[in-house]
Amino acid sequence: MNDNITLEDYRKTFLTDFVMSDAASSIQDLIVYDCGREQCVEGKWVQKAKKPYYLFHYICSGKGTFIQNGEKYEIRAGEMFVIFPKCVVEYYPDKKNPWRYEWFSVSGRLADEFIKRSNVTVDSPVIRDIKNGKIREYVDNLVNQYLEDKTVNLGCVANLYLIFHELMEKNEGEKQEEGYKNSYINEAMMFMKYNICTKIYIKDIAQSLNLHPSYFVWLFTETVGMSPKQYLIDYRIKTGARLLLSENKKVEEVAKMVGYDDPLYFSREFKKVMGVSPRDYMRGKFSLNKSFNTTKIDSSNKNK
């Protein structure tokens with residue numbers, strides 16, 4: 001197929017797919033071309049050549065497989081996949097639980113921008129975790145109106161805008177949640193830093209963030225890769241290690257500076273973390289891979 005085919009050429013070739021009311025056809029910012037729904041049967045294998053529009057599939061029930069640019073995606077009910085323009089794709093239902101899906105094709109001046117703002121790309125064409133029931137409702141409405149009227153009317157276009165609105169809101173909500181999580185972790189680390197010389201309990205950190213202690217422990221561990229208790233121990237000991245090398249102080253003094261009233265307990269914890277006793281560390285008997293390091297989470301990091 002010619003990659004340079006225009007939407008108008010495609011429309012003329014398959015005129016029955018593009019029956020539009022005069023009002024809807026005048027809207028060029030976001031154009032609906034066709035819609036439909038199907039309960040697939042085992043063995044239905046679809047191969048699509050390059051098309052000049054985006055083609056969305058919402059999985060109503062069941063599951064199946066989608067292949068685009070050689071990448072295979074397993075998709076189930078409540079998820080969507082997007083076929084990008086000029087991509088050759090294949091998709092087929094699961095043998096035991098074949099999918100039922102609804103589809104719609106879209107183009108127009110705003111399509112690229114809306115797709116981008118929904119965080120959908122040719123390398124990441126699957127939209128998962130769609131917990132917002134409005135998206136399913138708007139897809140249903142779009143398909144129903146198209147099938148009932150046998151035409152793309154203003155109601156179809158309106159529902160398409162609503163679908164993109166919810167997809168973009170979903171993406172922004174995920175970004176905001178990620179930002180909140182990272183903000184909590186940074187605040188927790190700053191709390192530890194500023195209170196390193198005192199006794200710190202996990203409940204104190206959680207309370208300073210207005211979080212339940214159990215949720216805070218889960219969130220910190222999920223984001224940082226270690227529990228807040230272990231992080232605090234590491235932070236105290238590695239701060240103490242730096243002080244032992246840079247300050248002219250005794251082990252007992254450094255222990256108090258990093259929150260240990262008992263220097264013997266500090267020494268035991270120090271050896272667990274650093275591999276040597278504080279005095280051997282001061283004499284230079286330490287491994288380079290135990291050098292001081294801290295973790296800082298910023299808004300660009302993803303959860304581990």
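Annotations for the structure displayed:
- Considering residues of the stretch 231-279 that are among the hydroxyl-bearing types (Ser, Thr, Tyr), part of a helix (DSSP H, G or I) and modelled with pLDDT of 90 or more only, the residue surrounded by the most Cβ atoms within 10 Å (Cβ to Cβ): TYR235
- Candidates SER214, SER183: the one that is assigned to a helix (DSSP H, G or I), hydroxyl-bearing (Ser, Thr, Tyr) and surrounded by 13 or more Cβ atoms within 10 Å (Cβ to Cβ) is SER183.
- Restricting the stretch 153-166 to residues that are surrounded by fewer than 22 Cβ atoms within 10 Å (Cβ to Cβ) and among the aliphatic types (A, V, I, L, M), the residue that is nearest to GLU113 (Cα to Cα): LEU162
- Residue in the stretch 41-50 that is at pLDDT 65 or above, open to solvent by less than 30 Å² (accessible area, probe 1.4 Å) and part of a loop (DSSP other than H, G, I, E, B) present: no
- The residues in the stretch 46-93 that are over 17 Å from SER105 (Cβ atoms) and basic (Lys, Arg) can be counted, and the count is 3.
- In the stretch 45-58, the residues that are more than 12 Å from PRO85 (Cβ to Cβ) form Cβ pairs under 8 Å with partners that are of a type in the set (D, E, K, R) and open to solvent by less than 20 Å² (accessible area, probe 1.4 Å), at six or more places apart or across chains, as follows: HIS57/GLU102; TYR58/GLU102.
- Taking the stretch 141-152 as the range and being surrounded by fewer than 17 Cβ atoms within 10 Å (Cβ to Cβ), in contact (Cβ under 8 Å) with a residue 40 or more places away in the chain and not charged (D, E, K, R) as the test, the residues that pass are LEU147, THR151.
- Scanning the stretch 78-113 for residues that are free of Cβ contacts under 8 Å to residues at least 40 places away in the same chain and either hydrophobic (A, V, I, L, M, F, W, C) or over 22 Å from HIS165 (Cα atoms) (or both) turns up CYS87, ASP94, LYS96, ASN97.
- Long-range neighbours under 8 Å by Cβ, at least six apart or interchain, first residue within 18 Å of MET192 (Cα to Cα) within the stretch 244-273, second open to solvent by 90 Å² or more (accessible area, probe 1.4 Å) and in a loop (DSSP other than H, G, I, E, B): ALA255/ASP261; GLY259/LYS199
- Selection status of LYS116, free of Cβ contacts under 8 Å to residues at least 40 places away in the same chain and out of contact with any Lys or Arg (no Cβ under 9 Å at 6 or more places or on another chain): yes
- Taken over the stretch 69-111, residues that are more than 20 Å from the chain's Cα centre (by Cα) and among the charged types (D, E, K, R) amount to 8.
- In the stretch 84-119, the residue that is surrounded by the fewest Cβ atoms within 10 Å (Cβ to Cβ) out of those that are of a type in the set (Lys, Arg) and over 22 Å from GLU38 (Cβ atoms) is ARG109.
- Residue within the stretch 129-136 that is in contact with a Phe, Trp or Tyr (Cβ under 9 Å, 6 or more places away or on another chain), open to solvent by 10 Å² or more (accessible area, probe 1.4 Å) and at pLDDT below 90 present: yes
- Counted residues, the stretch 124-155 - those being assigned to a helix (DSSP H, G or I), over 17 Å from MET80 (Cβ atoms) and hydrophobic (A, V, I, L, M, F, W, C): 2
The values are calculated or read from the model by the stated rules, or taken from the named source; none is laboratory data. These numbers were taken from a predicted model, which means no experiment stands behind them. Cβ atoms come from the backbone with ideal geometry, glycine included; neighbour counts cover every protein chain shown. Just the protein is used for accessible areas: all its heavy atoms, side chains included, with ligands, DNA and RNA removed. Shrake-Rupley method; radii C 1.70, N 1.55, O 1.52, S 1.80 Å.
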